[in-house]
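The values are calculated or read from the model by the stated rules, or taken from the named source; none is laboratory data. None of these values were measured; they are calculated from a predicted model. Heads up, the Cβs are rebuilt from the backbone with ideal geometry, glycines too, and the neighbour counts pull from every protein chain shown. Heavy atoms of the whole protein, side chains included, go into the accessibility calculation; ligands, DNA and RNA do not. Shrake-Rupley method; radii C 1.70, N 1.55, O 1.52, S 1.80 Å.
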Amino acid sequence: MAQRLNLPVLPLRGTVIFPGLTAPIAAGRPGTLRAIEAALKGDRLVFAVAQRDNTDEPTPDILYSMGVIARIGQIQRGLGGVQLLLQGENRATSLQYAPGDGYLTSIVMPVEEMEPLNPEDPAFVALHRETRERAAELGERRGLPEEVVHQVLDAVTEPGKFADLVAGYIELPVAEKQGLLETLSVEERMRRVIVHVQRQIGLIEAQEDIKSAVQEELGERQREMYLREQLKAIQKELGDDDSSKEITELREKLAKLELPDEARTEVERELGRLERSGRESMEAQVIRTYLEWIAELPWNTRSDDKLDLANAETVLDEDHYGLPDVKDRVLEFLAVRQLRAQQMAEEMGKSGEVPAARLSANKDDANPTLMPSRKSEDRKITDQAEAKSRAMAKGPILLFIGPPGVGKTSIAKSIARALDRKYVRASLGGIRDEADIRGHRRTYVGAMPGRIIQGMKQAGSKNPVFLLDEIDKLGVSFQGDPGSALLEVLDPAQNDSFTDHYLGVPFDLSEVLFVCTANFIQNIPGPLLDRMEVVEFAGYTEKEKAEIAKRYLIPRQLEENGLADKNVKFTDDAVMRIVSEYTRESGVRQLERQVGAVTRKVARKIASGDPAVLDDGQIDASEVRELLGRPRVHPERANEEHEIGVATGMYYTPAGGDIMFVEAAIRRLYGMGQRLTDGEATQVSGWGNVSLILTGQLGDVMKESARAAMTYAATHASALHIPEDRLGSIEVHVHVPAGAIPKDGPSAGTTMSTALVSAMSGRPVRKDVAMTGEITLRGRVLPIGGVKEKVLGAHRAGIKTIILPKDNEADMEDIPEDVRESMTFHCVATLDELFEIALLPSVEPIEPAEKSIVEEQEEAMR
């Protein structure tokens with residue numbers, strides 16, 4: 001058992017002594033000096049132990065329990081204390097600390113380290129060798145001579161003592177060094193030591209890289225600074241000091257702007273930074289670009305609005321044919337602004353804000369005269385413009401909804417022309433980043449303002465007509481939601497202080513007339529849609545398309561294809577043929593392409609010297625067929641005769657309305673217990689098993705409408721004159737043609753009911769009737785949407801009679817007058833009313849279906 005020793009305690013601050021190492025110690029605390037004196041009187045041994053805290057009065061609580069029995073070597077006394085060398089001899093642990101004569105003493109017991117189980121183990125030998133190599137590398141990287149490093153390391157051969165030697169010279173916190181001291185296992189201590197050595201090497205390498213980079217940068221900067229000073233001297237001698245001149249011009253330009261206080265403060269701060277920074281520095285480039293953006297924005301520049309309703313109506317009629325609802329809404333908007341501007345101008349005049357004249361003295365006349373001044377007139381004009389701008393501020397945001405090609409974008413241009421305002425357009429289709437709206441912060445390289453501020457700079461006016469095109473095609477990604485960023489832009493209560501991330505100061509958008517366009521209203525977020533007033537654009541009729549082609553499209557295509565002076569004309573029949581056989585759309589884009597194709601082919605013939613074209617110059621319907629080839633569009637047409645089980649319905653898509661046919665057929669099921677695999681068997685009171693088969697890629701809603709129609713027919717069989725022999729086990733097949741196209745919606749309920757009842761009762765469906773409406777099990781006909789588009793599609797198909805739900809009667813006002821006059825409309829509330837109109841009386845009695853073998857056997861048994 002190791003011998004216990006009672007030794008004076010030498011507390012160590014900020015260091016740890018390892019066995020086998022000699023370390024210089026400076027002692028000045030009274031307790032430490034007394035402990036040293038006590039040791040010198042004895043065998044010069046002390047218990048050197050590290051403190052947990054750096055305090056002047058150590059207590060047993062702040063001393064570690066593991067320390068080193070050290071021998072005091074040389075000692076040198078001075079005025080501030082003593083300098084001595086401590087040589088660590090052996091690890092020891094304190095069993096008890098006790099106060100002595102002004103110093104601490106401790107009963108310590110030496111501790112033996114744990115040798116490896118097999119010192120010849122290859123793994124341990126490799127660890128020992130790697131530790132030596134890394135320790136030598138660390139010493140050399142610290143700047144020690146290679147000979148000295150190897151001499152010190154080679155002097156120690158035992159692994160444990162070598163680990164203590166390296167641990168003593170590594171720069172580590174006291175707690176980590178104490179951990180190495182308390183690690184008794186030689187192998188474990190060596191593993192920890194090599195980890196710390198490797199970290200020290202990595203730290204030194206990083207410091208060397210940083211030092212090298214700093215030296216290179218300092219060298220380049222010194223060279224650049226020297227050359228720049230020379231350049232300044234040369235420019236000064238030549239009188240070409242552009243830097244200060246540019247800053248002065250920029251400051252004068254910014255001083256002329258009527259900036260808000262917040263923007264003015266930011267501009268002054270950035271100008272100060274620009275003057276202090278070097279002209280060619282990266283920071284100066286960023287600041288200059290920012291200030292140039294500020295200077296080029298229309299902070300106080302606005303267009304003088306032309307609030308003339310007659311002129312606005314003329315402009316809209318010149319640019320667009322039809323669209324009466326849209327034109328009325330735009331004119332209402334302008335009328336309200338005109339009245340508000342007049343009211344504000346009168347109020348400002350009554351309050352004295354618009355002086356009519358001023359008192360001035362004439363040089364040649366001693367008496368003062370009351371005469372109008374030029375300054376007063378200028379102020380009148382300015383205040384009138386201010387009144388107009390206030391009237392136009394905080395107005396509704398218009399949203400034009402409609403299919404492609406109906407004139408949504410072009411009518412926004414017409415609004416700008418009617419108001420005599422600047423026009424700017426921003427396409428939002430496919431935008432997925434919020435920064436496209438709000439801009440990037442200036443901390444990013446290549447930062448720039450968002451599209452709103454870019455558009456305002458492009459317009460150069462504070463009150464342009466700003467078109468946000470394709471607002472329903474905004475995307476969402478991890479970079480943010482641009483639709484949410486637009487909430488502030490399109491809110492009249494908030495956009496007077498719109499803050500772009502790049503500018504960092506508020507910009508007033510309240511005088512901007514925002515117009516948005518979209519194709520699908522359901523794709524617009526609810527909060528964004530709530531901030532806009534919806535103006536719906538419907539498709540054009542064939543007559544309207546023909547008129548648009550004659551007024552706008554054909555003259556434009558003749559001009560673009562060099563035929564304006566060639567006396568080339570289109571007949572009315574040619575135009576209608578292009579419209580009906582080569583286009584199928586709600587708008588006129590495809591129509592213009594087809595007209596362009598005809599004019600290009602005519603231009604080729606004229607260029608090649610075709611005498612027929614040169615002499616005539618008239619393009620009729622037959623020449624359209626020759627030039628464009630076979631018809632590209634095959635729209636549905638009304639049936640040529642009354643048919644049983646075939647009803648005509650109407651549908652609406654964003655491309656316009658059209659008709660569709662619903663076909664129904666009945667088949668008697670022969671044999672009892674036949675298993676149906678492709679239908680749905682239903683037991684109906686008074687009937688046998690009824691199998692309903694639905695084909696044509698029908699959606700869930702249309703399938704439910706077919707089942708409701710089937711149930712209604714089953715429960716009202718007698719009232720609908722359905723023969724009793726049709727009440728047995730039957731298979732009902734309902735098919736909607738164009739099976740490759742998915743179809744869904746509740747408005748086909750009336751059509752399916754008519755087709756089913758017609759097939760069961762044998763009553764033909766009128767060929768000139770088309771219908772739409774949702775149904776219920778009680779036979780009620782419910783309202784639907786898209787009435788105008790559906791009726792226009794039926795009109796193109798040659799339908800003469802339209803059946804609508806009773807609740808949609810008011811929607812007939814949206815249908816063009818010429819279409820209403822050429823068709824007959826019936827509004828029904830129940831299916832019975834519908835059948836009275838759509839179904840004809842049975843032409844001939846229906847032969848009873850052939851009896852099955854099982855039914856014949858049952859009858860014979862009876």
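At q = 0.17, 0.18, 0.27 Å⁻¹, what log₁₀ I(q)/I(0) does the stretch 23-80 have when each alpha carbon counts as one equal point scatterer in the Debye sum?
Listed by q, the Debye log ratios stand at -0.62, -0.69, -1.39.
Of all the stretches in the chain, which is the longest one without any exposed loop site, taking GluC sites (Glu not before Pro) in a DSSP loop (any state but H, G, I, E, B) with at most 11 other Cβ atoms within 10 Å?
281-639
Given +1 on the Cβ of Lys and Arg, -1 on the Cβ of Asp and Glu, and no further charges, what dipole in debye does the chain carry about its Cα centre, rounded to the nearest 20?
1520 debye
Using DSSP, restrict attention to beta bridges with both residues in the chain and report what percent are antiparallel, rounded to the nearest 5.
So the antiparallel bridges amount to about 60 percent of the total.
Give the Kirkwood hydrodynamic radius (Å, one decimal) of the stretch 481-571, defined as one over the mean of 1/r across all pairs of different Cα atoms. It would help to have the intermediate numbers written out before the result.
Working: mean 1/r = 0.0576 Å⁻¹.
Across the stretch 481-571, the inverse of the average 1/r is 17.4 Å.
Roughly how many whole Å is it from the C-alpha centroid of the stretch 540-613 to that of the stretch 69-88?
With the stretch 540-613 and the stretch 69-88 each reduced to a Cα centre, they are spaced 110 Å.
What is the calculated FRET efficiency for D61 to D154, with r their C-beta to C-beta distance and R₀ = 41 Å, to the nearest 0.05?
Plugging the Cβ-Cβ distance into 1/(1 + (r/R0)^6) gives 0.45.
Keeping to pairs on different chains or 8 or more places apart, tell me how many lysine pairs in the stretch 438-596 have Cα atoms under 22 Å apart. Walk me through the numbers before you get to the answer.
On the way: K543/K569; K545/K569; K550/K566; K550/K569.
The number of close lysine pairs in the stretch 438-596 is 4.
Separation of the stretch 800-830 and the stretch 140-155 by C-alpha centroid, Å?
The distance from the Cα centre of the stretch 800-830 to that of the stretch 140-155 comes to 104 Å.
Tell me the relative contact order for the stretch 399-461 as a rounded percent, counting alpha carbon contacts under 8 Å between residues six or more apart.
Contact order relative to length: 27 percent.
Report the Cα centroid-to-centroid distance between the stretch 18-54 and the stretch 305-332 in angstrom, as an integer.
Between the Cα centre of the stretch 18-54 and that of the stretch 305-332, the gap is 101 Å.
How big is the stretch 12-143 by Rg and Dmax over its Cα atoms, in Å?
Taking only Cα atoms of the stretch 12-143, I get Rg and Dmax of 17.7, 55 Å.
So if the hydrodynamic radius of the stretch 240-335 is defined as the Kirkwood radius over C-alpha pairs, what does Stokes-Einstein give as its diffusion coefficient at 10 °C and 1.306 mPa s, in µm² per second?
In µm²/s, the coefficient rounds to 93.
Ignoring ligands, DNA and RNA, what percent of the accessible area of the chain is carbon or sulfur (1.4 Å)?
49 percent
With every protein chain present, what accessible area does R531 have (1.4 Å probe, heavy atoms only), rounded to the nearest 10 Å²?
70 Å²
Placing one identical point scatterer on every Cα of the chain and ignoring solvent, what is log10 I(q)/I(0) from the Debye formula at q = 0.06, 0.07, 0.10 Å⁻¹?
Relative scattering, expressed as log10 I(q)/I(0), comes to -0.77, -0.84, -1.17.
Just the number please: accessible area per residue for the stretch 20-107, 1.4 Å probe, all protein chains included, in Å².
52 Å²
For the stretch 125-204, what are the per-bin percents of Cα-Cα distances with bins 5 Å wide, up to the bin holding the maximum?
Histogramming the stretch 125-204 at 5 Å steps yields 3, 16, 30, 26, 18, 7, 1 percent.
Considering the options I548, V588, V598, tell which one lies farthest towards the positive end of the dipole of the stretch 508-634, charges being +1 on Lys and Arg and -1 on Asp and Glu at the Cβ, about the Cα centre.
Projecting each Cα onto the dipole axis, the largest value belongs to V598.
With every protein chain present, what accessible area does I554 have (1.4 Å probe, heavy atoms only), rounded to the nearest 10 Å²?
Probe radius 1.4 Å; accessible area of I554 about 20 Å².
Count neighbours as other Cβ atoms within 10 Å of each site's Cβ, and list the trypsin sites (Lys or Arg not before Pro) in the stretch 248-296 that are DSSP loop with at most 12 such neighbours.
Qualifying residues, ordered by number: K256.
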